[in-house]
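Below is one structure; the comments refer to it alone.
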Number of protein chains: 2
Amino acid sequence: MSSCWSCAGPSLLVLLSRLCVVLVNFMCFENFEVKEKVIDTAGLLGSSSGLAVVDCSASSETVEILMQAIDLGCCVVLANKKPLTCKIDDYEKLISKFRHIRYESTVGAGLPVIASITRVLASGDPIFRIIGSLSGTLGYVMSELEDGKLFSQVVNAAKGLGYTEPDPRDDLGGMDVARKALILARLLGWRINLDELKVESLYPNELGPSSMSTEEFLTRGLQSLDSYMADKVRGASLKGNVLRYVCVIEGSRCHVGLQELPKDSPLGRLRGSDNVIEIYSRCYKNSPLVIQGAGAGNDTTAAGVLADIIDLQDLFL
Amino acid sequence: MSSCWSCAGPSLLVLLSRLCVVLVNFMCFENFEVKEKVIDTAGLLGSSSGLAVVDCSASSETVEILMQAIDLGCCVVLANKKPLTCKIDDYEKLISKFRHIRYESTVGAGLPVIASITRVLASGDPIFRIIGSLSGTLGYVMSELEDGKLFSQVVNAAKGLGYTEPDPRDDLGGMDVARKALILARLLGWRINLDELKVESLYPNELGPSSMSTEEFLTRGLQSLDSYMADKVRGASLKGNVLRYVCVIEGSRCHVGLQELPKDSPLGRLRGSDNVIEIYSRCYKNSPLVIQGAGAGNDTTAAGVLADIIDLQDLFL
């Protein structure tokens, strides 16, 4: 049953014992009639038996309908990062009823990252640092580079394994990780926008989509970065460190990019495509709270969405 | 504020915005008048504005009052493992309204172990294996042994650091870990009792409290175990493994004791007194969902209790 939640298939209306669920897809936001139907349903069920509107699209056009749903007393569950990374004012309207919105699958898929951070904050334990490897693709790339392989070779292998987007620059640019970092920073109460994050891209502008095709990038473009990346990996290794592509939220800094980390830290030990996040707070000061596991894939994303929906039922007991 | 939750101080009645909280201590179960007052309060507030009864004692005598509170519509929050490890019939009565009871701090203190397992199960993702190092004390002992130190030396050092109970046999016997294992097994739906678990003690009966004093055990008793433990550690090391004191819940087996584990697994890499748990399910099949961090201490235990209370407020929104 769970696999249907991650797809962008037809809209669904599901009846749970105490809560109705409507799964909206991209069509809902393009087709005026469908959109009206969703809003009608939201108005009808939102404040009575309860309705959860589930957005598993990858669209930035859904914020408006989601805000309307919240206003009508509905709950919202998101696998879609875009509504949470919109301008801060819209974000604050969207999360104005904080317990009515859940979005576990936006960071680390089904890994209990949002739920755990929410628990730590709820207990009054202040979080002063988060550092995480939140891209399975870039995690895989960085741990393969550690073994002395060439950047071009590793990225092409990752593409072959289906780990990357069709154009790997969509991963290498870091914007997907930046969106996750922004979601976490805002969860900590930071009033910032996406354009205020420092995001390091693993390819320069000259190798961007406006300058060359995917095919060209995968051959000629990537090869021109091999020696630069090998130098960086070697530099880290000489200090007993490894290179990781991470998000860091600390002090007044929200940064996404390459960082040298101790080999024997949870992030340094990371191999393959797992996600890992280290959370430092008053309770987890010297030794962080660490969550690790598969952070991508249809199954885990779907599981996260489903757990969010079940969790929301507490509001309607 | 949070530190008060972990102590066994006077009873407290706390008013949150939407939920009252009564913190009961051991006195409530010994003093008939106090007990009646708690039940009166439960009857008055349980099904109206909501009341959470919080048990931070270490008593096995609290089950009855907790079951009464649940029957009266109250919620229950536990840091006390005993009510959850009573006979299965009482346990099932206690958790009959599953969303009205929270007990994060019973396993791994504030670490989001119960919350994460509950989420995985709620998503319909079947868990087929749990393995964890759930005693900070035994985690510390096992990782120190790895460095070639003697068992007697390590246990005495752990006692000196305040890591053990006043009589370290209370840790070395494994019953505290067994209670945590039982709580997890029951969370997975296993209908078992504490006496059905296989529990390996790190000291033989001849060195038990009925045979010798704590003082004698710490000197003479422990020393007699040094060569046995050193042999076991060496045996594991020769196979590239390390020795860990773990709970394993898998198939039809719920076992607590020593196990050889690969050096490069999350459990094998564990150093110091952190807890770590690996959860294997359909979604986390080859690479487990791992949660790691401080699993003991007043602050983290209190934080777990407080997060549970805040979480329960969803039932009264």
Open item on the list: What does the charge count around A:THR219 come to, taking other residues whose C-beta lies under 14 Å from its C-beta (Lys +1, Arg +1, Asp -1, Glu -1)?
Closed with: -1
Open item on the list: Below 8 Å between Cα atoms, with a sequence gap of 6+, how large is the relative contact order for chain A in percent?
Closed with: 23
Open item on the list: Whole-Hz ³J(HN,Hα) for each residue in segment A:78-94, computed from phi via Karplus 6.51 cos²θ - 1.76 cosθ + 1.60 with θ = phi - 60°, x for glycine and proline: what do you get?
Closed with: 10, 9, 7, 6, 4, x, 8, 10, 6, 4, 4, 5, 5, 4, 5, 5, 4
TODO: Step through the residues of segment A:48-57 one at a time and calculate ³J(HN,Hα) from phi using the Karplus curve (6.51 cos²θ - 1.76 cosθ + 1.60, θ = phi - 60°), rounding each to whole Hz and writing x for Gly and Pro.
DONE: 9, 7, x, 9, 10, 9, 10, 10, 9, 7
Open item on the list: Between helix B:298-312 and chain B, what is the angle of the helix's C-alpha long axis to the longest principal axis, kept within 0 to 90° and rounded to the nearest 10?
Closed with: 40
Open item on the list: Considering all projection directions equally, how large on average is the shadow of the alpha-carbon convex hull of chain A, in square nanometres?
Closed with: 16.8
Task: Spatial extent of segment B:71-112: Rg and Dmax, with the Cα atoms as the point set, Å - done: 10.5, 30
Task: Within chain B, helix-based [θ] at 222 nm, where runs of 4 or more DSSP H residues each add -39,500 (n - 2.57), nearest 500 - done: -10500 deg cm²/dmol
Task: Degrees between helix B:175-187 axis and first principal axis of chain B (Cα, 0 to 90, nearest 10) - done: 60
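Per-residue Cβ counts within 10 Å, from other chains only, averaged over B:289-297: what number is that?
The mean count of partner-chain Cβ atoms within 10 Å per residue comes to 6.
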Open item on the list: Angle check, please: helix A:136-145 long axis (alpha carbons) against the longest principal axis of chain A (alpha carbons), in degrees 0 to 90, nearest 10.
Closed with: 10
Task: Label-zone membership for segment B:163-206, site B:ALA157, 7 angstrom Cα→C-beta point, backbone N under 18 Å - done: B:163-165, B:168, B:172
Open item on the list: Leaving ligands and nucleic acids out of the surface, order B:ARG234, B:ARG186 by accessible area at 1.4 Å, largest first.
Closed with: B:ARG234, B:ARG186
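Just to be sure I understand: of the beta bridges DSSP finds with both ends in chain A, what percent are antiparallel, rounded to 5?
70
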Task: Cα coordinate range in the protein assembly as shown, projected on the principal axes (Å, largest first) - done: 81, 62, 43
Task: Accessible-area value, B:LYS285, 1.4 Å probe, nucleic acids and ligands omitted, Å² - done: 120
TODO: Take the Cβ-Cβ distance between A:GLU196 and B:ARG271 as r, set R0 to 41 Å, and report the resulting FRET efficiency rounded to the nearest 0.05.
DONE: 0.65
Task: Equivalent ellipsoid semi-axes, segment B:127-294, via Cα gyration tensor eigenvalues times 5, rooted, Å - done: 27, 19, 13
Task: Two-site label geometry, A:ASP170 and A:ILE88: point separation in nm, points 7 Å out along Cα→Cβ - done: 3.0
TODO: Rounded to whole Å, how close does chain B get to the rotation axis onto A by Cβ? Give me the residue too, please?
DONE: B:ASP314, 2
Open item on the list: Can you compute the charge dipole magnitude of segment A:171-317 about its Cα centre, using +1 on each Lys and Arg Cβ and -1 on each Asp and Glu Cβ, nothing else charged? Give it in debye, rounded to the nearest 20.
Closed with: 660
TODO: Mind giving me the FRET efficiency for A:GLU215 and B:ARG129? R0 is 41 Å, r the Cβ-Cβ distance, nearest 0.05 is fine.
DONE: 0.40
Task: Under 18 Å from A:LYS35, Cα to Cα: aspartates and glutamates that are on another chain or at least 8 residues apart - done: A:ASP55, A:GLU61, A:GLU64, A:ASP71
Open item on the list: Under a crude label model (7 Å from the Cα following the beta-carbon direction), how far is B:ASP147 from A:SER47 in nanometres?
Closed with: 6.3
- [ ] Taking a label point 7 Å out from Cα toward Cβ, give me the nm distances from A:PHE128 to the same spot in the other copies, shortest first, one decimal.
- [x] 4.4
Task: Exam field: A:SER201 pseudo-label spacings to other copies (7 Å along Cα-Cβ), nanometres - done: 6.7
Open item on the list: Please give me, ordered by residue number, the trypsin sites (Lys or Arg not before Pro) of segment A:79-125 that lie in loop per DSSP and have at most 16 other Cβ atoms within 10 Å.
Closed with: A:LYS87, A:LYS97
Open item on the list: What does the charge count around A:ILE249 come to, taking other residues whose C-beta lies under 14 Å from its C-beta (Lys +1, Arg +1, Asp -1, Glu -1)?
Closed with: +4
TODO: Taking each label point as 7 Å beyond Cα in the direction of the beta carbon, state the distances from A:GLU216 to the same residue in the other copies, shortest first, in nm.
DONE: 8.6
TODO: Ignore the peptide's own chain and count Cβ atoms of other chains within 10 Å of each Cβ in B:94-100; give me the average, rounded.
DONE: 1
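The values are calculated or read from the model by the stated rules, or taken from the named source; none is laboratory data. If you're wondering where the values come from, they're calculated on a predicted model, not measured in any experiment. For neighbour counting, all protein chains shown are included, and Cβ atoms are generated from backbone atoms with ideal geometry for every residue, glycine included. Protein only, heavy atoms only, side chains kept; ligands, DNA and RNA dropped before computing areas. Shrake-Rupley method; radii C 1.70, N 1.55, O 1.52, S 1.80 Å.
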